[in-house]
Amino acid sequence: MTTLPFLPYGRQEIDEADIAAVTEVLRGDWLTCGPAVTRFEEALTARVDAPHAIACSSGTAALHLAALELELGPGDAVVVPSVTFLATANAARFVGAEVIFADVDPATGLMGASHLEEALARVPAGLRPKALFLVHLAGRICPELPQLRAMATAHGMVVVEDACHALGSAMIFPTGEKTRAGDCQYSEMTVFSFHPVKTVAMGEGGALTTRSSDRHRRLTRLRAHGMTRDPADWFFPDQGLAPDGQPNPWYYEMPELGFNYRASDIHCALGASQLAKLEAFARKRVELAQNYDRLLAPFFPSVQTPEPHPGCEAAWHLYVIRVDFAVLGIPRAGFMARLRERGVGSQVHYLPLHLQPYYHQRYGDLCLPGAETWYARCLSLPLYPGLSAADQERVAEAVGSALA
Ligand SMILES: *Cc1c(COP(=O)(O)O)cnc(C)c1O
């Protein structure tokens, strides 16, 4: 028997154009702080319909920069859905703010307005709710985004979208209003990651988008040590300006503490080359998800395919099936092992953050039944543009045999 290649749950799709784009940077003058960074940022603004983008070293760095820009700190509370990657909540802790974990819909893993209301009722006395870090899990835009924005605003909170899963997704809400992930119509900033399992790869990389030119300027400064070479920002223009009124060539100021969260030209060249294929990647992900829906339908009700998501053109980042392992009497680890025996990778997205030891020690026992139900049942199957129809059939067969 020939062994078939292992199918991971996600992976990058690199072609010769990507390799050529990176090679061109390596042969050029700028490995970092050069024109490829601006080109990538311009390409991203065009793709997501936002006026400003700031490339940075990871999605986690982008979340940290958002928390810094909002001046979150001790005494502030940030509402975060419990079903997300660690970094969404950790960013609040980086700046000393506290996290209030919100529950999610057990069928989609998404947070809605009722979950925000319930989370706000749990904010301890003495903490000020300042921000909502919302997550568009698996590539679906939260259907109640407009209501969540309105509720957050009514409570004096700012919304940041963690769209690390949702690059390329768009949504028409029941009210007829439209949004594209990253356009910041319902938020102050949107965060993306370009880790290789995400829809567009940079190796390591991230970005923020915003509609505010002030936030853009400040985020750019925070990304690079808090430094500014712009005379308009200087405290001591008499030191920075030469007698002819021109800026002194060596001079810069650091009005506040920043980080080195830059993305290099090498990474940005890869990112820009990948972004040129975003529409094709997104289309392929939609097609693959539809194909899985069809291939896995015979296993219903043991296997539940993703709920339909009306109005959303989801550039699926993950294809998550739900299996009631407890009712079926099959441990999930055993199910995953049987898939693996057939060369099929799978993963759990995510272990709810309120159950992580760090957060459990800090906030104690929390009961978030939607998040816990989602966690108990979810399993992500391989999804990436290089997956073939034959690969998908192999995945479906493996699921069938793991159920048997
Ligand atoms: C990947 C991811 C991040 C972190 O991005 P990195 O680029 O890996 O730092 C944050 N939030 C979510 C939802 C993610 O999926």
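The values are calculated or read from the model by the stated rules, or taken from the named source; none is laboratory data. On a predicted model such as this, the values are computed, not experimentally measured, just so you know. Please note: Cβ atoms are built from the backbone with ideal geometry, for glycine as well, and neighbour counts cover all protein chains shown. Surface accessibility is based on the protein's heavy atoms, side chains included, excluding ligands, DNA and RNA. Shrake-Rupley method; radii C 1.70, N 1.55, O 1.52, S 1.80 Å.
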In whole angstrom, note down how far apart the Cα centers of the range 141-176 and the range 312-344 are.
28 Å
Segment F6-A333, extension gain: residue separation times 0.36 nm, minus the distance between their alpha carbons
115.9 nm
Most fluctuating of T305, T23, T45 in the GNM of the chain (C-alpha, under 10 Å) is T23
Label-zone membership for the range 384-404, site R342, 7 angstrom Cα→C-beta point, backbone N under 16 Å
388-404
What is the Cα centroid distance between the range 242-298 and the range 378-404, reported in whole angstrom?
30 Å
With just the Cα atoms defining each centre, how far is the range 6-59 from the range 110-126? Give it in Å.
37 Å
What is the spread of the Cα atoms of the chain along each of their three principal axes, largest first, in whole Å?
82, 57, 42
What is the calculated FRET efficiency for D244 to T153, with r their C-beta to C-beta distance and R₀ = 51 Å, to the nearest 0.05?
0.60
What order, most packed first, do the peptides 328-335, 382-389 have when packing is the mean number of other Cβ atoms within 10 Å of each residue?
382-389, 328-335
Using 1/(1 + (r/R0)^6) with R0 = 22 angstrom and r between the beta carbons of C367 and A326, what's the FRET efficiency to the nearest 0.05?
0.80
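Using the heavy atoms of the protein chains and a 1.4 angstrom probe, tell me the accessible area per residue for the range 278-403 in square angstrom.
46 Å²
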Within 10 Å of each candidate Cβ there may be at most 15 other Cβ atoms; applying that plus a DSSP loop requirement, which chymotrypsin sites (Phe, Trp or Tyr not before Pro) in the range 121-228 survive?
none
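Give the percent of DSSP beta bridges with both residues in the chain that are antiparallel, rounded to the nearest 5.
Once the DSSP bridges in the chain are tallied, antiparallel ones form about 55 percent.
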Nearest 10 degrees, 0 to 90: what angle lies between the long axis of helix 389-403 and the longest principal axis of the chain (Cα atoms)?
60 degrees
Taking a spot 7 Å from the Cα of E118 along the direction of its beta carbon, which residues of the range 152-188 have an amide N less than 18 Å from it?
152
Mind ordering 198-208, 153-163 by average Cβ neighbours within 10 Å, highest first?
198-208, 153-163
With label points built 7 Å along Cα→Cβ from the Cα atoms of E279 and H360, find their separation and express it in nm.
4.8 nm
